[in-house]
Amino acid sequence: MTKRSSTPADAVLVAIDMSKHRQEVLLERPEGGRRRRMTVMATKADYDRLADDLTIIGKPVIVGFEATGNYHRTLAHRLLSAGFELRLISSVALARTREALHNGWDKNDSKDAQVILHMLRIGATQRYVDPLAAGINDLQEMSKTHEAISKAKTQAWHRILTHYLPLYFPEIERFAGNSRSDWFLALIERFPTPGSIISIGREAFTEQAWPLIGRKVSKA
């Protein structure tokens, strides 16, 4: 998703600290002078205004930002569409650089923009690849969704093994198999506590549980 790249000496550097509702922008020209600060709200009108302001500069512009959830993607896509070069700042690198420069780890938007600008200046960045522009948006989102579901499934299975079974059915764990054991999950869903089994009697339990479990054939 990223490619490392150096920073040209004659480029205008723009550092953006992304958030859900507002973005703090810090602009530095190559000839020096006072830095320009702007606050951009998360609206199309403000995004268009920022793109127009950067275009008017008439010089190469490099924009750097830290990925913040998915909040950065709309502004990044707008700036990329306007022809600006985008650089991604590693969250880990940003945190460590902030701590080194400011002798602390406290979160502050204005400090973050300064640190991002510093990292742009020294070239400690990665080239940003927009999923929509690269034609990989659907693949990326499906992959992220699969990862989230897989993690949630694993967490739920571990909670069943380490919390639920020891409390209610400690002797049944050896039959659990793995998280793909649909019959086992169906069984404990139908009979979640020992009381739900005792209340209907052995014969009724066997009759109701058999269709859930089915016949097990040894593969040994």
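The values are calculated or read from the model by the stated rules, or taken from the named source; none is laboratory data. Small disclaimer: the values here were computed from a predicted structure and weren't measured. Counting neighbours? That spans all protein chains shown, and the Cβs are built from the backbone with ideal geometry, glycine included.
Which members of the stretch 135-155 meet the condition of being surrounded by 13 or more Cβ atoms within 10 Å (Cβ to Cβ) and of a type in the set (A, V, I, L, M, F, W, C)? Of everything in the stretch 135-155, just one residue is surrounded by 13 or more Cβ atoms within 10 Å (Cβ to Cβ) and of a type in the set (A, V, I, L, M, F, W, C), namely Ile136.
Among the residues of the stretch 22-47, those identified as of a type in the set (Gly, Ala, Ser) and more than 18 Å from Gly58 (Cα to Cα) are Ala42, Ala45.
Hey, could you check the stretch 160-176 for residues that are surrounded by fewer than 16 Cβ atoms within 10 Å (Cβ to Cβ) and either within 15 Å of Leu212 (Cα to Cα) or among the charged types (D, E, K, R) (or both) and say which is modelled with the highest pLDDT? It comes out as Glu171. For the stretch 78-91, a residue qualifies if it is over 17 Å from the mean Cα position of the chain (by Cα), outside any loop (DSSP other than H, G, I, E, B) and crowded, with 17+ Cβ neighbours inside 10 Å, and the qualifying residues are Leu79, Leu80, Glu85, Leu86, Arg87. In summary, Leu132 fulfils each of the numbered conditions (1) farther than 30 Å from Arg73 by Cβ; (2) under 32 Å from the mean Cα position of the chain (by Cα); (3) surrounded by 13 or more Cβ atoms within 10 Å (Cβ to Cβ) with the single exception of condition (1).
If only residues of the stretch 11-62 that are part of a helix (DSSP H, G or I) and of a type in the set (Lys, Arg) are counted, the one that is nearest to the chain's Cα centre (by Cα) is Lys44. Tell me, please, whether a residue that is free of Cβ contacts under 8 Å to residues at least 60 places away in the same chain and under 19 Å from the mean Cα position of the chain (by Cα) can be found in the stretch 155-168. Yes, that holds for at least one residue. Right, Thr55: under 16 Å from His21 (Cβ atoms) and surrounded by 12 or more Cβ atoms within 10 Å (Cβ to Cβ) or not? Against the criterion (under 16 Å from His21 (Cβ atoms) and surrounded by 12 or more Cβ atoms within 10 Å (Cβ to Cβ)), Thr55 does not qualify.
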